[in-house]
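Down below is the structure, laid out as structure tokens.
No value in this document is a laboratory result; all are computed from the given coordinates. These figures come from a predicted structure and were not determined experimentally. Here the Cβ positions follow ideal geometry from the backbone for every residue, glycine too, while neighbour counts run over all protein chains shown.
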Amino acid sequence: MRYIGNKTRLLGDIEAFAEDMGATGRSVLDVFAGTAAVARRFKERGYRVYSNDNMMYSYVLQKAYVEPTRVPAFLGLRKVRGVGKFLKSRSGSSRIDGVVEYLNREVQQVEGIVFRQFTPGGLSGRQFFTPENGRRIDGILESLRVWRRRKVLRQAEYFVLLASLIEAADRVANISGVYGAYLKHWDVSAKKPLALRSPEISTRGRGHRAYREDANRLVRRIKADVLYVDPPYNRRQYAANYHVLEVLAEAADVKDLDAYEARLYGKTGLKPYDEQRSEYCLRQRGEDSRLSRCEIAFRDLIRSSRCRHIIVSYNEEGILSLETIARALSEELGNPAFDFDRQFREIRYRRFRSDAHRGPGRSYRVLEGRRRDEIHEWLFYARRHGTGSR
Ligand SMILES: C[S@@+](CC[C@H](N)C(=O)[O-])C[C@H]1O[C@@H](n2cnc3c(N)ncnc32)[C@H](O)[C@@H]1O
């Protein structure tokens, strides 16, 4: 998925770093899970995974990919008119394929919240999806809503299908990477018809759990062997840049959809997000403090966490400097000065560009000795002494 800070391409590096640092064990808490890429990798590696994010779309992805320990069977849908034949003579994971095929081929198009709010078919004229794709998304959301109401879909099955819809919608969204703006012309990928794909669900392990909470609150409760910390690193609030996905994640489960829709506002159809505003995106100083609000939150998280091993990912262009993070880690854990030779690694990779489609037009400051678009991700390791683990 296109997502600021998505670690899919860095998974091997993160894993190797954790192993080299001896940051292993039986359980891990990925407290800023986003796309759930890191949480899924730890699940694959046999860990018990606790994952968390304060955005609903992330929670949906975690519920679909992190929590399940059984392949969803969709037994309740066998008797639903039109769907049954897509499930007949299918077993195991191919049953998901049957439901996905049904949703792609048979669902009636509907002019609902997505059509009205995020396509030029609606009064606002917002151009996030073609009207055709907007109707398809609404049609699928409506099916999910009805199936849930009729109790023919288990909770895990609901999340698997919703995750598939969110990922499919993101592939045809007419944006340059984030939903903070839509493109004025139609991008090639946006003109393609929406097509769900069958999610690949790993059933490894047991006891995994997804959360949708404030990270600083959750770390006080959950004890795991490894804490993986990948906070937002710049001022772009996720709630303002992925609000369209948030609406998709919530719409099928909202009781009063009219009231919900009436609250969307502004040029891009934002959802009020005061409660989801992240301290980690705030550079300004905290009240009565010489520290930024971001640093205050980061220090609090480290201090309050209950995990023995801590791995922090951070982008070199972020609000916090290298030294600030290192100092915070050693001070808050009561450790000697941070040892950059032993506890730190820098990974080179290509920049996530939300305007990549525009070609080389926009320029970034190219640091000496760097390729254009090269950017570094920092990995820090710290250990909390005297913590038991389970
Ligand atoms: C850098 S991204 C994580 C990316 C993720 N590791 C991945 O590979 O996709 C940071 C995430 O933190 C979430 N977030 C921001 N502030 C938060 C908070 N206070 N509590 C929980 N999650 C938060 C954002 O919604 C976002 O998904």
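Structure notes:
- Between Y265, Y280, Y314, the residue with the greatest mean-square fluctuation in the GNM of the chain (Cα pairs under 10 Å linked by springs) is Y265.
- Rough spin-label spacing in nm, given labels placed 7 Å along Cα→Cβ, for K85 and D20: 5.7 nm
- Per-residue Cβ neighbour counts within 10 Å put R105, R171 in the sequence R105, R171, beginning with the fewest.
- In the calculated pair-distance distribution of the range 38-195, the portion above 27 angstrom amounts to 31 percent of the Cα-Cα pairs.
- Sites listed here are trypsin sites (Lys or Arg not before Pro) in the range 1-85 whose DSSP assignment is loop and whose Cβ has at most 10 other Cβ atoms within 10 Å: R70, R81.
- Cross-link pairs K43/K223; K79/K191; K43/K63; K43/K151 - those with Cα-Cα distance over 23 Å: K79/K191; K43/K151
- Applying 1/(1 + (r/R0)^6) with r as the Cβ-Cβ distance of Q108 and S330 and R0 = 41 angstrom yields a FRET efficiency of 0.10.
- Sparse packing (at most 12 other Cβ atoms within 10 Å of the Cβ) combined with a DSSP loop state is found for the following GluC sites (Glu not before Pro) in the range 164-221: E200.
- Förster-model FRET efficiency, 25 Å R0, Q155 and L123, C-beta, rounded to 0.05: 0.10
- Rounded to 5, the percent of DSSP beta bridges in the chain classed as antiparallel: 55 percent
- Note on K88: aspartates and glutamates with a C-alpha under 18 Å away, same-chain residues under 8 apart excluded, are D97, E101, E106, E157.
- Estimated inter-spin distance, R9 and D187, nm [label 7 Å along Cα→Cβ]: 1.5 nm
- Shape parameters for the range 186-311, alpha-carbon atoms, Rg then Dmax in Å: 18.7, 53
- The loop-placed GluC sites (Glu not before Pro) in the range 228-291, going by DSSP, that have at most 13 neighbouring Cβ atoms within 10 Å of their Cβ come out as E287.
- Dividing the radius of gyration of the alpha carbons in the range 274-357 by their Kirkwood radius gives 1.00 for Rg/Rh.
- Computed over the range 250-298, the convex hull of the alpha-carbon atoms projects to a mean area of 5.2 nm².
- Residue-count net charge about E111 - beta-carbon cut-off 12 Å; Lys, Arg +1, Asp, Glu -1: 0
- Crossing angle, helix 293-304 versus the chain [Cα axis fit, 0-90 degrees, rounded to tens]: 80 degrees
- Two-site label geometry, Q284 and R204: point separation in nm, points 7 Å out along Cα→Cβ: 4.5 nm
- Against the chain, whose longest principal axis comes from its Cα atoms, helix 94-105 is set at around 60 degrees.
- An ellipsoid equivalent to the range 10-64, defined through the eigenvalues of its Cα gyration tensor, has semi-axes of 21, 11, 9 Å when rounded to whole angstrom and sorted largest first.
- Semi-axis lengths, Å, the range 121-274, gyration tensor of Cα atoms, sqrt of 5 times eigenvalues: 28, 21, 17
- Radius, Kirkwood style, for the chain when every pair of distinct Cα atoms is counted (Å): 22.2 Å
- 3J(HN,Hα) couplings calculated from phi for the range 12-22 with the Karplus curve 6.51 cos²θ - 1.76 cosθ + 1.60 (θ = phi - 60°) are, in sequence order, x, 5, 5, 5, 5, 4, 4, 5, 4, 7, x Hz; Gly and Pro show x.
- The angle between the Cα long axis of helix 155-171 and the longest principal axis of the Cα atoms of the chain comes to about 90 degrees, rounded to the nearest 10.
- Within the range 14-129, the ratio Rg/Rh, alpha carbon atoms throughout and Rh by Kirkwood, equals 1.11.
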